[in-house]
Every structure is written in C-alpha cells, then in structure tokens.
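Asker: First, the structure itself, so that you have it in front of you.
Taken together, the values in this text are just the output of simple stated rules run on the coordinates, not laboratory data. Everything quoted here is computed from the prediction, not taken from an experiment. Cβ placement follows ideal geometry from the backbone for every residue including glycine, while neighbour counts extend to all protein chains displayed.
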Amino acid sequence: MSSLASSPIPRTTLRVTVKAAAKQASLSLKSTATSPSSADVTTPSIVHVHARVLARPTEGEANAELLQRIAAQLKVPKRDVELTHGATSRNKTIVVTGIGPEAVMAQLSKE
C-alpha cells in the first residue's frame with residue numbers, strides 16, 4: 001500500500017468567444033474566474049476569454065489553431081486542452097487539465 005496520497009489534478013474551464021479569420025491572432029482575458037471552494041480542486045473554475053485566430057472556420061481549422069494557441073500560451077501539452085462544446089459556434093467551452101484558474105489568468109494576463 002502506497003503512503004503517497006494522489007493529489008487531484010487541477011482543471012479549468014474556459015468560455016471562449018472566437019473571431020475567426022482575424023487579421024491578427026490574440027488571446028485575452030475577458031473576466032475573472034468564478035472559483036469554487038478551495039477544498040474542491042477537481043471542480044473546474046470558469047475563465048472567460050476573447051480569442052482571435054487567423055484560420056478560417058472551415059473543416060475545423062480555426063478550432064485546431066485555437067487549441068494550439070491556448071496550449072502554447074498556457075504552456076501545457078495540447079493533449080490537455082479539450083474542446084467540449086461549441087465546435088461549430090463562435091462561443092466555445094474548452095477544458096484545460098493540469099493548470100488551475102489562477103495560473104490560467106496569470107498566463108493570459110501576460111499577453
């Protein structure tokens with residue numbers, strides 16, 4: 001039996017409003033997270049983000065660019081960034097595993 005307790009993996013939900021086929025790509029923080037109680041780390045917190053991507057919204061190109069940009073900006077592997085809702089909408093829900101809402105807001109505030 002292991003004496004090490006497994007720690008919960010932090011997850012953050014991003015509510016993203018996307019502008020595809022933009023002239024300049026960007027990710028910016030729209031508002032702060034609504035944090036759950038600090039004891040419940042496994043419940044995702046919500047961070048609202050504005051995104052502009054260069055790709056056109058055809059055949060998933062804009063979604064692929066968005067996920068790649070989010071992974072790069074937050075310094076997490078692309079496999080930890082998942083589009084859960086809104087694949088064909090400009091309003092999307094993306095879950096990022098392995099990073100908490102405070103770190104997400106800090107990384108997005110840098111740009």
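Asker: Taking Cα atoms of the range 11-110, Rg/Rh with Kirkwood Rh, to two decimals?
Answerer: 0.95
Asker: If you don't mind, another one. Run down the lysines and flag those whose C-alpha is under 17 Å from the C-alpha of residue 92, throwing out any fewer than 8 positions away in its chain.
Answerer: 19, 30, 78
Asker: Moving on. Cut-off under 16 Å on the C-alpha distance; same-chain residues fewer than 8 positions from residue 110 excluded. Which aspartates and glutamates are left, in chain and number order?
Answerer: Here the aspartates and glutamates satisfying the reach criterion relative to residue 110 are 102.
Asker: Can you tally the net charge around residue 15? Count Lys and Arg as +1, Asp and Glu as -1, for every other residue whose Cβ sits under 10 Å from the Cβ of residue 15.
Answerer: Once all neighbours under 10 Å are counted, the net charge is +2.
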